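Asks: Please read through the structure below; I'll follow up with questions.
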């Protein structure tokens, strides 16, 4: 066993293969009863020792993706986990705080993909965080406001600031990082006044970028409208009555109005989702005006993001055998994302209708928004580093998934399993990525294993670090579809 003292008492964790683990640590009071939709409150202290050898509850999954959460679901979910190779308070290690993805509808910090032993072995104190999901985390109420989940992330960072020294970490060197919804969370924290000073670097993986070029940014409007529909379904907007509503009723209403279910003949995209952080002027400020100039950002995406949502074997969320990969569906998608450039976009696409849809979907939701973010960040004079993940493992080559959304996560965390899906090149790529991520946390500059720094993003000579069989810096080259989409801004 291994023990540390935090503000609330003594934690009893355990050590395995040289890494201490402290799991299921409460960073806030349970957000239940009168605290449903309230800002997080400080956790209660305890006498004696708190068992920190098992994960705390995952948040209520408001859209079940059938993944291994590594724990039970509950509205009582505000727990974090710490991995560190030392608990010497003098160690002063960089700290990396992971915010998981899942569309703000599912996922948990306890999922096996997010275990942090490999990162901890590189001299980093690693923290993973649970937070409220769906309507539990993002409902906007006229009396109590919204963005409860954003306040959860701030509360977790406050806990880290006060306690992480006991785990060998330096509270003055904290990196927040996340993928997909987690990256959107990091972007929101850059615009959250109460989070400023609590983190010092940021990594955005496959989200947290600009809105799609041709799709109006109606996130705030969609959230307020969905909140109103949820009030109606649950019998009104009286906050005390809503707080007494059964968890299952709230969960069902949350999913119903989440935007996660595509209309017949349509394809679901992350741009449809409703329960997300929005600029409310109370918790999250407008634009990125809060982003401190001294906070560097590492951001990027995978080459074939959309193949997670519309897979080679069938569209995400559709019954087996459903045929959505047709020229007609492609034309509808091009009309939505390309407006007056729709015809030119379809002409520029190559391959089967599926391959064309996947390319357009990826370009519209990730590649072009990343380009727009590149330009926004450099115009603001911020220190940023851009990457694109192109590596296709043998397993992903066999399935046709290629470098899909989430495919970089096993490389960052050093979890290349099952072994038959990866080879020695993948092991080298994992070493490259884990080194770059942890060195960015340590110094603010990502680098290759031999110590060569990645080039920072610039407006005069735009470059991106492409991670394929190795990492190499290349000129920022626009594919025709990306250029057509970007012309719509």
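The values are calculated or read from the model by the stated rules, or taken from the named source; none is laboratory data. Values in this document were obtained by computation on a predicted structure and should not be read as measured data. Backbone-built Cβ (ideal geometry, glycine too); neighbour counts: all protein chains shown.
Asks: Can you find a residue that is over 19 Å from the mean Cα position of the chain (by Cα), farther than 30 Å from residue 330 by Cβ, without any contact (Cβ under 8 Å) to a residue 24 or more places away in the chain and not in a loop (DSSP other than H, G, I, E, B) anywhere in region 374-384?
Replies: Checked region 374-384: no residue is over 19 Å from the mean Cα position of the chain (by Cα), farther than 30 Å from residue 330 by Cβ, without any contact (Cβ under 8 Å) to a residue 24 or more places away in the chain and not in a loop (DSSP other than H, G, I, E, B).
Asks: Take region 173-195 and flag every residue that is part of a loop (DSSP other than H, G, I, E, B) and touching a helix residue (DSSP H, G or I) at 6+ places or on another chain (Cβ under 9 Å). First the steps, then the outcome.
Replies: Just the residues of region 173-195 that are part of a loop (DSSP other than H, G, I, E, B), to begin with: 180, 191-192.
Passing the criteria: 180, 192.
Asks: Let me spell it out: the conditions are (1) over 19 Å from residue 207 (Cα atoms); (2) more than 22 Å from the chain's Cα centre (by Cα); (3) surrounded by fewer than 16 Cβ atoms within 10 Å (Cβ to Cβ); (4) touching a residue at least 12 places away in the same chain (Cβ under 8 Å), and residue 489 meets all of them except one. Which number is the exception?
Replies: (1)
Asks: Inspect region 235-246 for any residue being surrounded by 19 or more Cβ atoms within 10 Å (Cβ to Cβ), outside any loop (DSSP other than H, G, I, E, B) and touching a strand residue (DSSP E or B) at 6+ places or on another chain (Cβ under 9 Å) and give the result as yes or no.
Replies: Within region 235-246, the first condition is being surrounded by 19 or more Cβ atoms within 10 Å (Cβ to Cβ), and the residues that meet it are 242.
Okay, now just the ones that are also outside any loop (DSSP other than H, G, I, E, B), so 242.
With the extra rule that they be touching a strand residue (DSSP E or B) at 6+ places or on another chain (Cβ under 9 Å), the set shrinks to 242.
Yes, some residue in region 235-246 is surrounded by 19 or more Cβ atoms within 10 Å (Cβ to Cβ), outside any loop (DSSP other than H, G, I, E, B) and touching a strand residue (DSSP E or B) at 6+ places or on another chain (Cβ under 9 Å).
Asks: Every residue in region 21-46 that is surrounded by fewer than 16 Cβ atoms within 10 Å (Cβ to Cβ) and touching a strand residue (DSSP E or B) at 6+ places or on another chain (Cβ under 7 Å), please.
Replies: 45, 46 - these are the residues of region 21-46 that are surrounded by fewer than 16 Cβ atoms within 10 Å (Cβ to Cβ) and touching a strand residue (DSSP E or B) at 6+ places or on another chain (Cβ under 7 Å).
Asks: So the check is Cβ under 7 Å with 6+ separation or different chains; which pairs have a first residue in region 2-26 that's closer than 13 Å to residue 81 by Cβ and a second one that's part of a strand (DSSP E or B) and at pLDDT below 95?
Replies: From region 2-26, the pairs are 13/2; 14/2; 20/2.
Asks: Does residue 35 qualify as being free of Cβ contacts under 8 Å to residues at least 12 places away in the same chain and under 28 Å from the mean Cα position of the chain (by Cα)?
Replies: yes
Asks: Under 7 Å by Cβ, and 6 or more places apart or on different chains, what pairs join a residue from region 134-159 that is farther than 22 Å from residue 248 by Cα with one that is part of a helix (DSSP H, G or I)?
Replies: Qualifying pairs under 7 Å: 143/239; 150/188; 153/185; 153/189; 154/194; 154/195; 157/195.
Asks: For the structure I just gave you, tell me whether residue 425 is free of Cβ contacts under 8 Å to residues at least 60 places away in the same chain and outside any loop (DSSP other than H, G, I, E, B).
Replies: Judged against the criteria, residue 425 is a match.
Asks: Going residue by residue through region 256-270, is there one that turns out to be crowded, with 16+ Cβ neighbours inside 10 Å, out of contact with any strand residue (DSSP E or B) (no Cβ under 8 Å at 6 or more places or on another chain), modelled with pLDDT under 95 and closer than 24 Å to residue 376 by Cα?
Replies: Among the residues of region 256-270, at least one is crowded, with 16+ Cβ neighbours inside 10 Å, out of contact with any strand residue (DSSP E or B) (no Cβ under 8 Å at 6 or more places or on another chain), modelled with pLDDT under 95 and closer than 24 Å to residue 376 by Cα, which makes the answer yes.
Asks: From (1) modelled with pLDDT of 95 or more; (2) assigned to a helix (DSSP H, G or I); (3) under 30 Å from residue 298 (Cα atoms), pick out the condition that doesn't hold for residue 337.
Replies: (1)
Asks: Checking the conditions here, which among 87, 97 is in a strand (DSSP E or B), surrounded by 17 or more Cβ atoms within 10 Å (Cβ to Cβ) and in contact (Cβ under 8 Å) with a residue 12 or more places away in the chain?
Replies: 97
Asks: Right, another one. Just the residues that are closer than 13 Å to residue 485 by Cα, within 26 Å of the chain's Cα centre (by Cα) and surrounded by fewer than 22 Cβ atoms within 10 Å (Cβ to Cβ), please, taken from region 328-358.
Replies: 336
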